[in-house]
1. Every residue in region 131-141 that is open to solvent by 10 Å² or more (accessible area, probe 1.4 Å) and either under 18 Å from SER168 (Cβ atoms) or assigned to a strand (DSSP E or B) (or both), please.
2. So is ASP117 more than 21 Å from the chain's Cα centre (by Cα), of a type in the set (Asp, Glu), open to solvent by less than 60 Å² (accessible area, probe 1.4 Å) and modelled with pLDDT of 95 or more or not?
3. Does region 267-284 contain at least one residue that is closer than 30 Å to TYR372 by Cα, touching a Pro at 6+ places or on another chain (Cβ under 7 Å) and open to solvent by 50 Å² or more (accessible area, probe 1.4 Å)?
4. Open to solvent by less than 50 Å² (accessible area, probe 1.4 Å), at pLDDT 95 or above, closer than 30 Å to LEU273 by Cβ and in contact with a Lys or Arg (Cβ under 7 Å, 6 or more places away or on another chain): which single residue out of ALA198, ALA219, ALA235 fits that description?
5. Among all residue pairs at least 6 apart or on different chains, which show Cβ distances below 7 Å where the first residue, located in region 50-75, is on the phi > 0 side of the Ramachandran plot and the second is outside any strand (DSSP E or B)?
6. Return the residues of region 250-280 that are among the aliphatic types (A, V, I, L, M) and over 30 Å from LEU331 (Cα atoms); say none if nothing qualifies.
7. Do we have LEU85 as in contact with an Asp or Glu (Cβ under 6 Å, 6 or more places away or on another chain) and either open to solvent by less than 10 Å² (accessible area, probe 1.4 Å) or outside any strand (DSSP E or B) (or both) here?
8. Taking region 333-360 as the search range and keeping residues that are among the basic types (Lys, Arg) and under 28 Å from the mean Cα position of the chain (by Cα), which one is farthest from LEU54 (Cα to Cα)?
Amino acid sequence: MRTKMLFLLGIILLCMGCSETPQQKIDGEVYKVDLDKMVNPFDEIFSKAEIIPLETVDSSLIAWMQKIYLVDDHYYIFDFWFQNLLVFDQKGQFIRKVGKRGDGPGEYRGMYDCYVDVRNKEAYYLSVYGRFKRYYCNGEFKDEVLLPIRPNYCSMSIVDENHIVTWSCLEPEDGGGVQIIDKMTGDSIRTCWYDDYAFNAQQMFPFYSYNGKTFFSTALRHQVYEVTVDGLLPAYIWDFGKHNITEGTLEYYLNIKDEKRNKRIIDDCGTDLLPYCLQEQNQNARFCYASLRRRMKSARDPMTHVFYDKKKQEGYAFDELADGCRMNFPLYFGDDYMLTDVFYENREQYKSVLPESEYKKLENMKEDDNPYLLKLYFK
């Protein structure tokens, strides 16, 4: 009863402070995709594939790429595990790191998220403890801003020239998970999204940017929002028909005791009760994209890739690029191509989707090399 009351209170507060409410309602554009009708992605989505080896030296080691930004024809790669932002050219040659880890002036520690403002050529390093440090993309330190006190800070993005948005995984009584902040002073302008903690915890990187706008989504709800200074505006919603995550499913989990709810969601992901969790989302001029994780045990668990062609008004889904060849989620999603990663242990599976000249690059890959990039061109 206490959990339900807090959840209802959160919804009431949310309606008072923002335009959205965390419910499975249809608002904005509807993107319908039949998950039972899998397609060959090279027939519908991609035209060709290439491999980019990333140079491996002591100062460029990568463990877990979370996202890639394109700035001045260079790839800025955020390594979540080593908490580094590394710069490579488009052939994969290492250029430099941005910033330096340490406790000295202008140095950083505890970078939980990194956002690169491509237009202004600045990188924001977000600490889970409530501050961000800003660097120019050439590596020079710019400034540091303290954020309002919260239990945690997990992710951030840019709203406009004067504001950022942050994401915190909170219980409704601790505040709204989404917070709009003055990027110069660190003052909170608005908070919203009072949803259940276990629901929020399934997506720690809920923002993506496209065409000068930032979008927000969570793992168990199909609605995607545009982030504005005034709050969250419904942008579009995914409709997977009979495979949609329903309000009944969410109510089922809300009735599970707090301390067991998160584990139950993770354990159930990929079952008939909870067939997937929505994860990484993005879009370009033609496509909207979402990855549906079929398990939530590790970063490399299987997923279904969903594309919606905004021009043709058609949806596509696939689990594999070819038989036995699974790909990770997009690290970069541009108008012409997308990038994802290839690891040494599964390099052989790409033989069926690569030209011989490109596959030879993977044959030369060594076990202790950095992950390589798979570059997939859109049709």
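1. Residues satisfying the conditions are ARG131, LYS133, TYR136, PHE141.
2. no
3. no
4. ALA198
5. Sorted first by the residue in region 50-75, then by its partner, the pairs are ASP73/GLN90.
6. Once the filter is applied, which keeps residues that are among the aliphatic types (A, V, I, L, M) and over 30 Å from LEU331 (Cα atoms), region 250-280 yields LEU254, ILE256.
7. The answer is no for LEU85.
8. Checking each candidate, the answer is LYS351.
The values are calculated or read from the model by the stated rules, or taken from the named source; none is laboratory data. This one's a predicted model, so the numbers in the text were calculated from it and none came from an experiment. Cβ sites come from the backbone with ideal geometry, for glycine too, and all protein chains shown count toward neighbours. Just so you know, the surface numbers come from the protein's heavy atoms only, side chains and all, with ligands and any DNA or RNA stripped out. Shrake-Rupley method; radii C 1.70, N 1.55, O 1.52, S 1.80 Å.
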